[in-house]
Structure formats: structure tokens, C-alpha cells
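Q: I'd like to ask some things about the structure below.
The values are calculated or read from the model by the stated rules, or taken from the named source; none is laboratory data. All values derive from a computational prediction rather than experimental measurement. As a convention, Cβ positions derive from the backbone with ideal geometry for all residues, glycine included, and neighbour counts pool all protein chains shown. Surface accessibility is based on the protein's heavy atoms, side chains included, excluding ligands, DNA and RNA. Shrake-Rupley method; radii C 1.70, N 1.55, O 1.52, S 1.80 Å.
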Amino acid sequence: MASQEQLSAIKRAKVLMVGAGGIGCELLKTLALSGFQDIHIDIEHCSSVEAIVELVIDMDTIEVSNLNRQFLFRQSHVGQSKAKVARDAVLRFRPNISITPYHANVKESSFNVDFFKEFDVVLNGLDNLDARRHVNRLCLAADIPLVESGTTGFLGQVTVHLKGKTECYECQPKPVPKTYPVCTITSTPSKFVHCIVWAKDLLFAKLFGDKNQENDLNVRSSDTANSSEHSEDVFECRKDEDIERYGRRIYDHVFGHNIEVALSNEETWKNRNKPRPIYSKDVLPEEQTKENGNEEKGCAADDVSAMVSLSLKNPQDIWSLVENSRVFLEALSLFFLKREKDIGNLTFDKDDQLAVEFVTAAANIRASSFGIPLHSLFEAKGIAGNIVHAVATTNAIIAGLIVIEAIKVLQKDNNNYRMTYCLEHPSRKLLLMPVEPYEPNRSCYVCSETPLLLEVNTQRSKLWDFVEKIIKAKLGMNFPLIMQGASILYEVGEDLEEDMVAIYAANLEKALSELPSPVTSGSVLTVEDLQQEFSCSINIKHREEFDEEKEPDGMLLSGWVEAPVDKDNNKPIGNDESTSNDLPSVETLEGEKDDEIQETSEVVETFAGKKRKLSEVSEVTAPDPSGPSSINQNKPKKLDIDDEDDELIISDDWESLTKKKKL
């Protein structure tokens, strides 16, 4: 039963909840029931219910795939605002709560620092790194406590962030989305994920996306070398060419001719298995007719499906090469016959059934060519959509933990804040592992204002590269202002004069060393985001060459000061990780090569649930490896979940995400 103090804290609270997805639905329900449950026990406290004000921000609309775990939503709600439907659902059983929904992006200018200052605590249920960074910086600027959370499958975590007292969300570097060298994707794939990336980001984009965008897909025509009349883009549908013949021509080009071109480079295949060119006539004879009849069925554009047309019912079946070839040609045909108006503007969407079918078939045909095991549509969708399927129970557990920490924050119970990890398998008979939050990382460029270092070729790299690859992609700024001394090199804003907009646009096309205030080795740039009220300094170091595969951006950003080393154990100490060796840990699921979900089987009892301050870490004696409480010294990195609702960055090894592996 809640204490009077807790009830009073709830009564006075004004809460901002960001996200109304898997965690958000559970969290909104738990917030409501936490207040009402206590009040129902003692009817005299009903007035406290009316004082609760919750505001929900979410820009998403409800999709069919949400319904199995986001229980506030029903089939009839598909297409409607998550925030508004969630509000209405909760008000049906707790009508005295005041809930204000915002169907909007939290990064919009109206949700600024002043807006955040109106609240007592912010609760995050977001599904992407960029938005999390944004909310973290606004909470720091507004000096408002943030309770962060995430789940993936059976794993979850809840963390508390208070300015100056605990780590901020960005005190530890977050894994970045996995990227693959272009040559691996286009020429030498060795894993199914490489085929998925090729099918989704290159082939699908080339056929159905913006025709003007640059694309690394090999588009050389087999006739180009011999005749100028065939020098046109092979992906353009020719005049009077029917869709089936066009589809076969595309099929033969990407799975046949391009493979033969790749095989002509014998050096590439000295130490690799050679791929096999595949032509449509060898898989599907010309006289074979399609078995669909989609035109007769007259299905709506939004409902078209190659699987339905071809009577393929189970998405977990692994299709044969013939079936994949039929799905490929049928899906391509359906796009042109039923969704022609969309062609040229399409991007891959995991909830677009026809797009998933096309990408699955294309990836499987390419995988067959390179001797890579084929996958089902269900598995391919998981990889293409970066999905690790959510578990409703985990969301419910995490939502409960968020509310527990929120109540502590409202009571200012600083000594009892906890980061809590939810494990898939018991560790020392525990599925929930609470640990005291770590202190702020004094080398954090966000909350400690530590300068960053950028190695870049200042003579070749343009300001545009710096803005897109560093400022936006890595630092997560939305409205950057870039200065060198008193000179403004670039600025974004609605109130800029037209001549200044033109000047800044021209600067984007200039090399760093050619800017009006040249950026060279030794320069110090100040970068600000006025909306986030966040700024940092970047020291520039000129570097001539970069490894195209390991450093594809052509520049390298660093700034995490190496932690002091424990001489006795010859390993870093302090804030190189936000959890200490006494924690159960799970290898990060994002961006690392050959990642697997792993968990340690043992935890040091002595330190479980306790924090080691920076000054104390070096004094802790490492446990005796021969003792019963020893930890595997090659422990995986901390659990760092970036998502709560199906979305995850692609892992190199999809199979590993569906299997547990104990250390």
C-alpha cells in the first residue's frame, strides 16, 4: 500500500510522457492505476486523482502490427493517432485523470526548454536514438529529471538521469547503425543481411524510389560496351515493353549479367567461392504463365500481395528459388499495375507487405547465387525492418519500474534511485537487477562540455559533409549554428534573411579550408543547437587519408577521454562503462560485428546493487578467479537497448538474435 507521502507526491505531479507505443501504452495505464489504486483503498484521497496531469507526445499512427502488444488499441483504431487513442482508452476506466495528447514530433520547436520546465519529471518510451538524445538535452537544459527506458525481446532496462547527479543519457557513447562497405554489398556478400541491404537499399530504391538519387547498384547494361543505343539506364522501362518482359529483363540483369561481370574479375575470387549467375529462363521457362490473376481479383492498391496472388500462405515457409523468382516478378508487376502512382517516391517500409515480399524474394535469389542459406519472409522482414520482436510482458515490467523510479524522483528520494536491468534468464536467482546510477561522466561532451576532436581532410571535405555526417548524424543536432571565433559559417532558422540563406547554402559546397573563415588543422569550431540549448566545441585536426571500409565517412570524430587504468588489473576504470563489473551484462545488440544476445551466468554478490564512485573504483580488489563469485573476465558489454517497440539496428548475425547463448 502506498504511503501518504507517495500519494502526496503523485497528487502534486505534472508528468510528461514521450511515446505511446509498446512501453507507452503500459506506462500510461500503470500511471493511471497507480494513482487510483491507492485512492480506492482510502476513499478520502480521491481528490488527489484529479490533480494528476499527464501529457503524452507521440507522432505515430496505429498499425495492425501494433495490436498484439499495444493493448490500448483495437482494429478499429488502425490509422489513428496513438497519443489520442491511448488517452481515450485510459479515460474510460480512469475518467478523473487529465491527459493531454500531442500527435506531434517531440523535436518540433513548440516543445522547447520552456515547455519542458513546466513538468516535474519526463518519462521516455521512445524507439530511436535521435529522439532520445533530443529529449536528454532538453531535460538537461530545463534541469528536469528524466527516466529513460528500453526493451528488446525479454531484455529491458530503466535508468534515471538527473543533471549533475547521475550520468546523462549520452554520458556513454551509443552504438551507431551498422554500415557495410559498398564493395561487400554490391560484389562479395557473405551473409544474408548483405543480400537484404542490397535488395532494400539498392535494388528497391533504384526501381521504386527517387530516380535522381545516387545509387551504388551496378546499372551497366550488357550491351553498353558494344552499342551506344543501349547506354540508357537499364532500369528504365522501354516503350511498348510489357511488364512481364520488363521484369524478366531486370531479373536477368541483376542476377545474371551483373554476376558475370563480377566473375570477370578473377582476382576477387581467388580466396572466395564464386557466385552462380541466374537467368529467368533457367528458373521460369518463357512459356510458363503467371498463376496470379491479380487483375481479375481487383484488389485495392493498399492490399496487393504477391503471396496472395501466388497462393503462398505461410510467411514462415522458406521459398524455393522458383518460388522466390515468381514472387519477385509478381511483386514487381503489382507495383507497376496497382501502385504506379507511388513509383518514384517509395522508400522501404516494413509494414508495406508488397515491399517486404519484393525485398525477401530479391535477397533470396541473390543469396542463392552466392551460396548463402535462404530465409523465410518472416525472418527477412525482421532483418530488413531491423526488428527484434517485442514481448508485451517485458514492456509491462519496464513500465512498472518506470513508475517506481518516477515516484522516487517526485519524492526527491535521491539515495534510492536505481538503474534496473531486466534479464531473460535468472542471474543469482534474480531476473531484475537494480544498481545505483553512475556519476556523470566528466568527459561527456553533452553534460560536461568536453571538447571533441575531428580528424578530417580539410582540403577535400566540404562543409556539407561536416553538417550531415557529424553535426546531424553523430551529434544529433537539428538546427545547428556553426561558428569559428566570431564568424558564422552556417546557420539554420526560419527567421534568416534570404541573402544569408544563400550565403550559407554556398558555404555548404565549399571545402572546409576554402570557407570565408578557413577551417584548417588547429581550428576550433563551436557548434550550437538553439532549440536544444546545447553547444559543444570541436577541435579540428587535418588528416590526408582515410580507410574507405573502416572510415567510410572520410572523417573521424572522437572525444571520449580514455579512462584511467587500474594498474593492478591493467584495465580501464571509471566511466568507460556505465555499469561496473558487478552487473549482469548483455552484449549490445546494435552495430557490433557478429553480435549475439549473451548474458553472464554469475554476478558478484558483494557488489550487487551498489555503485562504485569514480574515486573508489581503483581501490576495489578484483574477485579471485578461482572463487565461487568470479566473473568471466571477457564479459560482454553492457545492455544498451535503443528501442522499446520492435525496432533495432541490423545485426550482422540474425540467427544469433533468435537464440540465447550463455557465457
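Q: Do the conditions hold for LEU496, that is, is it touching a residue at least 12 places away in the same chain (Cβ under 8 Å) and either open to solvent by less than 30 Å² (accessible area, probe 1.4 Å) or hydrophobic (A, V, I, L, M, F, W, C) (or both)?
A: It is false that LEU496 is touching a residue at least 12 places away in the same chain (Cβ under 8 Å) and either open to solvent by less than 30 Å² (accessible area, probe 1.4 Å) or hydrophobic (A, V, I, L, M, F, W, C) (or both).
Q: Among (1) part of a loop (DSSP other than H, G, I, E, B); (2) modelled with pLDDT of 80 or more; (3) open to solvent by less than 30 Å² (accessible area, probe 1.4 Å), where does CYS237 come up short?
A: (3)
Q: In region 431-481, which residues are surrounded by fewer than 18 Cβ atoms within 10 Å (Cβ to Cβ), farther than 30 Å from ILE398 by Cβ and in contact with a Cys (Cβ under 8 Å, 6 or more places away or on another chain)?
A: GLU449, THR450, PRO451
Q: Suppose the filter is among the hydrophobic types (A, V, I, L, M, F, W, C), surrounded by 24 or more Cβ atoms within 10 Å (Cβ to Cβ) and more than 23 Å from the chain's Cα centre (by Cα); does ALA331 pass it?
A: Here the answer is yes, as ALA331 does meet what is asked.
Q: Output yes when any residue across region 94-103 is of a type in the set (A, V, I, L, M), at pLDDT 85 or above, over 12 Å from ALA20 (Cα atoms) and not in a loop (DSSP other than H, G, I, E, B), and no when none is.
A: No; the residues of region 94-103 include none that is of a type in the set (A, V, I, L, M), at pLDDT 85 or above, over 12 Å from ALA20 (Cα atoms) and not in a loop (DSSP other than H, G, I, E, B).
Q: In this structure, is GLU455 in contact with a Lys or Arg (Cβ under 8 Å, 6 or more places away or on another chain), part of a strand (DSSP E or B) and under 27 Å from TYR169 (Cα atoms)?
A: Against the criterion (in contact with a Lys or Arg (Cβ under 8 Å, 6 or more places away or on another chain), part of a strand (DSSP E or B) and under 27 Å from TYR169 (Cα atoms)), GLU455 qualifies.
Q: Of everything in region 458-476, what is in a loop (DSSP other than H, G, I, E, B) and more than 22 Å from the chain's Cα centre (by Cα)? Give them in sequence order.
A: The answer is THR458, GLN459, ARG460, SER461.
Q: Next up: Among (1) in a loop (DSSP other than H, G, I, E, B); (2) at pLDDT below 70, where does LYS274 come up short?
A: Only one criterion in (1) in a loop (DSSP other than H, G, I, E, B); (2) at pLDDT below 70 is unmet by LYS274, namely (2).
Residue-by-condition table, conditions (1) at pLDDT below 70; (2) touching a Phe, Trp or Tyr at 6+ places or on another chain (Cβ under 6 Å); (3) open to solvent by 40 Å² or more (accessible area, probe 1.4 Å); (4) more than 16 Å from LEU126 (Cβ to Cβ):
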residue	(1), (2), (3), (4)
SER47	yes, no, yes, yes
LEU55	yes, no, no, no
GLN70	no, no, no, no
ASP88	no, no, yes, yes
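Q: PHE328 versus (1) under 19 Å from LEU207 (Cβ atoms); (2) at pLDDT 90 or above; (3) not in a helix (DSSP H, G or I): which is the lone unmet condition?
A: For PHE328, the exception is condition (3).
Q: Do we find that LYS550 is in a loop (DSSP other than H, G, I, E, B), charged (D, E, K, R) and touching a Leu at 6+ places or on another chain (Cβ under 8 Å) in this structure?
A: no
Q: If you don't mind, there's one more thing I want to ask. Could you look through region 248-271, keep only residues that are small (Gly, Ala, Ser) and closer than 19 Å to CYS195 by Cα, and pick out the one that is modelled with the highest pLDDT?
A: Out of the qualifying residues, it is GLY256.
Q: Any chance you could count how many residues in region 246-280 are in contact (Cβ under 8 Å) with a residue 24 or more places away in the chain, open to solvent by 40 Å² or more (accessible area, probe 1.4 Å) and of a type in the set (Lys, Arg)?
A: Summing the residues that are in contact (Cβ under 8 Å) with a residue 24 or more places away in the chain, open to solvent by 40 Å² or more (accessible area, probe 1.4 Å) and of a type in the set (Lys, Arg) in region 246-280 gives 2.
Condition check ((1) free of Cβ contacts under 8 Å to residues at least 60 places away in the same chain; (2) closer than 30 Å to ALA306 by Cα; (3) touching a Cys at 6+ places or on another chain (Cβ under 9 Å)) across all residues:
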residue	(1), (2), (3)
ASN395	no, no, yes
VAL403	no, no, no
ASN415	yes, no, no
ARG418	no, no, no
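Q: For region 92-114, enumerate the residues that are surrounded by fewer than 17 Cβ atoms within 10 Å (Cβ to Cβ) and under 26 Å from LYS174 (Cβ atoms).
A: Residues satisfying the conditions are ALA104, ASN105, GLU108, SER109, ASN112.
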